[in-house]
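First the structure, in the form of structure tokens, and then the observations on it.
Each reported figure results from applying straightforward, stated rules to the coordinates on display, with no laboratory input. Remember, it's a predicted structure, so these values are computed and weren't measured experimentally.
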Amino acid sequence: MKHMQHTWASHSFQSSKGLRHRSVQALGAMFLILAPFAYSATSQEAQEPENVKVVRQYLEAWNSGKTNDMKKVLDSNVVYFNTSNEVPRTGPESITEVSQFLKQILPDRKMKIRSQPISSDDGVAIEWEFTATKRNSGETSPSSTNISYFGASFFRVLNGKIVYASDYYNHNTMQKQLQP
């Protein structure tokens with residue numbers, strides 16, 4: 001068998017037909033090497049636990065500013081804690097009003113998950129990066145500046161709804177970047 005493989009491989013180099021065959025082999029080998037990476041990236045979200053999918057839906061709605069879509073995944077008695085507040089607050093509005101306020105002052109604000117969420121049972125933990133453009137006088141100008149800071153959030157999801165959410169970040173970092 002080894003002799004047949006060697007003969008077949010050396011024959012590939014002896015004609016232009018063999019060179020084309022070698023190119024096809026090389027492309028096939030590249031596909032086999034890269035296919036698992038493509039599969040893992042696309043199937044990773046498909047195979048995620050339901051609680052992680054709910055958190056992703058929440059973040060998509062938060063990023064787009066769609067309050068009604070946020071409310072679809074928030075329990076009516078959701079408890080929300082944010083490090084810039086002194087005490088936890090209850091109800092979907094405690095979360096949606098933060099999103100809407102930030103959308104007014106930073107229309108292009110986004111929270112992007114930095115690494116694969118961690119989940120167990122009903123809990124989900126994410127590390128995120130907040131980005132936005134600070135506009136002067138409400139307009140984009142050469143003196144507009146980018147805002148960026150990191151944080152982490154923890155969620156509890158029951159029956160497809162977020163019942164607890166908390167955001168942890170350095171509030172001073174955000175405030176310094178927002179100052180004129």
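Find the relative contact order for the range 56-146 and round it to a whole percent, using C-alpha pairs within less than 8 Å whose residues are 6+ positions apart.
Values: 109 pairs, mean separation 17.0, N = 91.
Across the range 56-146, relative contact order equals 19 percent.
Which length gain, in nm to one decimal place, applies between Phe150 and Lys112 when the Cα-Cα distance is subtracted from 0.36 nm times their residue separation?
Extra length from Phe150 to Lys112 when fully extended: 12.7 nm.
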Item to check | Where N is the number of residues in the range 50-178, Cα Rg divided by 2.2 N^0.38 Å | outcome: 1.05
Checklist entry - Can you list the aspartates and glutamates whose alpha carbon sits under 13 Å from that of Lys110, skipping same-chain ones fewer than 8 residues off? => result Glu60, Glu129
Next on the checklist: If I stretch the segment between Ser64 and Thr131 completely, what's the gain in nm (0.36 nm per residue apart, minus their alpha carbon distance), one decimal?
Outcome noted: 22.8 nm
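Pulled fully out, how much extra length does the chain show between Ser120 and Glu93, if you take 0.36 nm times their separation in residues and subtract their Cα-Cα distance? Before the final figure, lay out the partial values.
On the way: separation 27, 0.36 × 27 = 9.72 nm, distance 2.66 nm.
Difference between extended and current length: 7.1 nm.
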